[in-house]
Amino acid sequence: MLDLPDDFVKVLKSATRVAVLTGAGISAESGVPTFRGEEGLWKKFRAEELATVEAFITNPELVWEWYLWRRQLMADVKPNPGHYALVEMEEYYDNFTLITQNVDGLHRRAGSKNILELHGNIELNKCFNCGRPFVGEVNINAGAMPVCDCGGKIRPDVVWFGEMLPERAINGAFEASTGAELFFSVGTSALVHPAASMPVTAKQNGAYLIEINLEPTPLTDYCDFYIHGKSGEILPQIIERLTK
Ligand code: BV8
Ligand code: ZN
């Protein structure tokens, strides 16, 4: 059982405006490889080489191969107790925002409602040129890359390095971070910006900052309370204390 200090439990119970930032770590117990861990997705492929516009322009087949392989992985995974605990947390608090860097859609599948997907959604496709959503089948084995009516190449609807984050998501995330009294950073290495600046913005604006992670990150020394461990085990215990 988690040993939570009284001031932590007091803040947990008294907060009304809460925000949570999640990263790949919250989906690890669902079997989704993280990006930078030893078994990381990016061990084989360096993210900065593949999740970029340059990679897509120079080698669209390789980039599509990587995304279709990841989509394949996603077909068999499901939300874990960490995702479900955040659904309960959303029901408990009056004002709750879930900010995720994950593109796996598992928060939505678990039942979370107020979600800001900073980096898009791996299940969706759009036109590289005009940005219109593309609902057709993507089959690169046929050799021909899918194209839009405008002639543009079809790409996954995710945010690549060097690309702007969706306006609604980033504005909403900064607003929630600035107004939060309580902010959780869960399962993220806190290396990718501007997502990694959300917990800092929250704390600078007076939030109590909690980090739940399997390894220390640039946030660990800065946060108010660091819990080392698996989010799928820790979050349900926090909900237990909250609702007791
Ligand atoms: C932008 C979508 C600007 C695609 C992703 C130097 C300094 C600061 C910033 C930069 C810089 N150089 C370049 C930049 C900008 C760059 C950036 O931040 N680079 C980093 C690498 C330094 N950022 C960008 O380019 C962003 N755009 O800045 O635009 C701009 C401005 C004006 C005009 C035009 C442009 C766009 C960034 C988005 C990139 N896209 N993904 C895809 O998925 O294919 S990022 C990718 O990394 C994922 O979204 C992922 O979520 C994200 C962060 O990784 P994490 O989620 O943290 O995952 P990671 O594996 O790293 O960590 C998992 C953690 O969980 C670990 O710590 C592990 O210990 C822990 N864990 C594991 N299991 C568990 C667990 N914890 C708890 N329980 C467990 N069971
Ligand atoms: Zn188009």
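The charge dipole of the chain, taken about the Cα centre with unit charges on the Cβ atoms of Lys, Arg (+1) and Asp, Glu (-1), comes to about 360 debye, rounded to the nearest 20. In the context of the full set of protein chains, segment 127-244 has a per residue accessible area of 49 Å² (1.4 Å probe). Heavy-atom accessible area with a 1.4 Å probe sorts F174, F96, largest first, into F174, F96. Rg over Rh for the chain works out to 0.99, using Cα positions for both radii and the Kirkwood form for Rh. A Cβ-based charge dipole, computed about the Cα centre of segment 112-155 with Lys and Arg at +1 and Asp and Glu at -1, lands at about 120 debye. Estimated from helices alone, the mean residue ellipticity of the chain at 222 nm is -10500 deg cm²/dmol (sum of -39500 (n - 2.57) over DSSP H runs with n ≥ 4, per residue). Using a Cα-Cα cut-off of under 15 Å, which aspartates and glutamates could be cross-linked to K126, ignoring same-chain neighbours fewer than 8 residues away? Partners found: E137, D149, D157, E163.
Of the solvent-accessible surface of the chain, computed with a 1.4 Å probe and all protein chains present, 52% belongs to carbon and sulfur. With a cut-off of 11 Å between beta carbons, the residues surrounding F134 carry a summed charge of +1, where Lys and Arg count +1 and Asp and Glu -1. With the convex hull of the Cα atoms taken as the outline of segment 103-244, the averaged projected area works out to 10.8 nm².
Listed cross-link partners K113/K244; K78/K153; K113/K203 are compared with a 28 Å cut-off, the Cα-Cα value being larger for K78/K153. Cα centroid separation, segment 214-235 to segment 137-206: 22 Å.
Taking a Cβ cut-off of under 11 Å around T52, the surrounding Lys, Arg, Asp and Glu residues balance to a net charge of -3, with basic ones at +1 and acidic ones at -1.
As an exercise, find the ratio Rg/Rh for segment 58-138 from alpha-carbon atoms, using the Kirkwood inverse-distance average for Rh. Ratio of gyration radius to Kirkwood radius: 1.05.
Here segment 137-216 is treated with +1 on each Lys and Arg Cβ and -1 on each Asp and Glu Cβ, and its dipole about the Cα centre works out to around 120 debye. Highest mobility in the GNM of the chain, judged by mean-square fluctuation with C-alpha springs under 10 Å and restricted to P218, P199, P79, is found for P218. Using a probe of 1.4 Å on the protein chains alone, the accessible area found for D3 is around 140 Å². Net charge in the neighbourhood of G232 (other residues with Cβ under 14 Å of its Cβ; Lys, Arg +1, Asp, Glu -1) is -2. Residue-wise HN-Hα couplings along segment 215-222, as the Karplus relation 6.51 cos²θ - 1.76 cosθ + 1.60 with θ = phi - 60° gives them from phi, are 8, x, 9, x, 8, 4, 6, 9 Hz; Gly and Pro carry x.
The values are calculated or read from the model by the stated rules, or taken from the named source; none is laboratory data. Given the structure is predicted, the values throughout are model-derived calculations rather than measurements. Ideal geometry is used to build each Cβ from the backbone, glycine not excepted, and the neighbour counts take in all protein chains shown. These area figures cover heavy atoms from the full protein model, side chains too; ligands, DNA and RNA do not enter into them. Shrake-Rupley method; radii C 1.70, N 1.55, O 1.52, S 1.80 Å.
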